[in-house]
Amino acid sequence: MFADLDKDQFARVLNNATSIELESGQTLFEQGMPARAFFLLLEGSVKLTRLSPDGNEKVIDLIHPGQTFAEAVIFNGGPGFPVNAVVLSPSHLVSIDAAAYLDVLYDSPKACLDIMARISQRLHWLVNEVDRLTLHNATYRLVSYLLDQTAGASDESCDVCLSAPKHVIASRLSIKPETLSRTLKRLSDSGLVEIQKDHVVLKEIGALKKLIQLETDHFPCTDKKNTLAVEIH
């Protein structure tokens with residue numbers, strides 16, 4: 001969002017930015033509220049949600065440090081936010097005025113191309129996410145989610161911090177909390193992961209990657225000692 005801005009342009013953006021600190025459980029914005037800013041998360045975690053007609057909460061996305069969100073308000077003319085944003089842990093954010101950022105984009109073709117590329121990438125991600133949540137089972141969804149947190153890790157092992165409660169992650173993956181717990185236990189019993197309170201140690205990243213590549217109901221994978229067959233439900 002900022003890489004192609006020169007110093008003066010970046011300063012203009014910062015002049016229209018506000019630092020925000022929120023505690024766990026506080027709401028950043030609600031669905032339908034006027035949307036005049038987008039946000040950069042520096043510390044903490046945020047969930048984006050919608051409410052169903054019967055009042056049930058559906059987690060649309062989980063935001064981690066370094067991510068921006070609600071960028072669509074830059075171009076959509078200010079309709080209300082389509083989701084709620086609720087803080088999951090003490091968080092530090094930056095609110096960036098959408099109109100001011102758009103003014104800067106008028107002066108920076110490179111920045112315009114950058115934001116267009118980001119929106120295109122986001123669209124492709126959403127298409128893949130619809131595929132993941134509608135065409136694949138719980139194990140596929142959970143393993144994919146865990147692997148998404150391991151960018152740059154080797155194919156050996158990685159410690160993944162669960163930045164949200166398990167019931168929130170379950171909602172994000174469109175599965176029931178008890179299904180998430182059973183799936184984690186199955187992966188743990190198979191030796192692929194180790195569960196440690198709010199952490200999950202991925203013990204065989206290479207095997208987990210192979211697991212989600214297979215299209216059948218049984219995903220055979222091999223660890224260092226023996227062959228594992230993980231039954232998917």
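The values are calculated or read from the model by the stated rules, or taken from the named source; none is laboratory data. Nothing here was measured: the structure is a model prediction, and the numbers come from that model. With ideal geometry, Cβ positions are generated from the backbone for all residues, glycine too; neighbour counts draw on all protein chains shown.
Figure legend. Inter-residue proximity from segment 80-92: first residues without any contact (Cβ under 8 Å) to a residue 60 or more places away in the chain, second residues of a type in the set (Val, Ile, Thr), beta-carbon distance below 6 Å, spacing 6+ or different chains. Indicated pairs: Val83/Ile60; Asn84/Thr49; Ala85/Val46.
Scanning segment 70-95 for residues that are in contact with a Leu (Cβ under 8 Å, 6 or more places away or on another chain) and farther than 16 Å from Leu22 by Cα turns up Ile74, Phe75, Val83.
Looking only at segment 103-119, filter to residues that are under 27 Å from the mean Cα position of the chain (by Cα) and of a type in the set (Val, Ile, Thr); which one of those is surrounded by the most Cβ atoms within 10 Å (Cβ to Cβ)? Give the steps one after another, and end with the answer.
Step one: list which residues in segment 103-119 are under 27 Å from the mean Cα position of the chain (by Cα), which gives 105, 110-119.
Now drop any that are not of a type in the set (Val, Ile, Thr), which leaves 115, 119.
Details: Ile115: 19, Ile119: 14.
Restricting to residues being under 27 Å from the mean Cα position of the chain (by Cα) and of a type in the set (Val, Ile, Thr), the top hit is Ile115.
Matching residues to (1) under 26 Å from Gly25 (Cβ atoms); (2) assigned by TED's automatic domain parsing to the domain that holds Lys58; (3) touching an Asp or Glu at 6+ places or on another chain (Cβ under 7 Å):
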residue	(1), (2), (3)
Ala72	yes, yes, no
Asn76	no, yes, no
Val86	yes, yes, no
Ser89	yes, yes, no
His92	yes, yes, yes
Tyr106	no, yes, no
Ala111	no, yes, yes
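Being more than 13 Å from Val143 (Cα to Cα) and among the β-branched types (Val, Ile, Thr) is the filter here, so list the residues in segment 180-208 that pass it. Correct list: Ile195 only. Residues in segment 1-34 that are at pLDDT 90 or above and touching a helix residue (DSSP H, G or I) at 6+ places or on another chain (Cβ under 7 Å) were compared, and the one that is farthest from Val87 (Cα to Cα) is Arg12. Taking segment 39-62 as the range and being modelled with pLDDT of 95 or more and either within 23 Å of Ala111 (Cα to Cα) or among the acidic types (Asp, Glu) (or both) as the test, the residues that pass are Phe39, Leu40, Leu41, Leu42, Glu43. When Leu88 is tested against (1) at pLDDT 85 or above; (2) in a helix (DSSP H, G or I); (3) not β-branched (Val, Ile, Thr), just one condition goes unmet, and that condition is (2).
If we only count helices (runs of 4 or more DSSP H) wholly inside segment 160-233, which ones have 1 or more residues that are farther than 29 Å from Pro90 by Cα and modelled with pLDDT of 80 or more?
Numbers: elements: 166-172, 177-189, 205-213.
Hits in segment 160-233: 177-189, 205-213.
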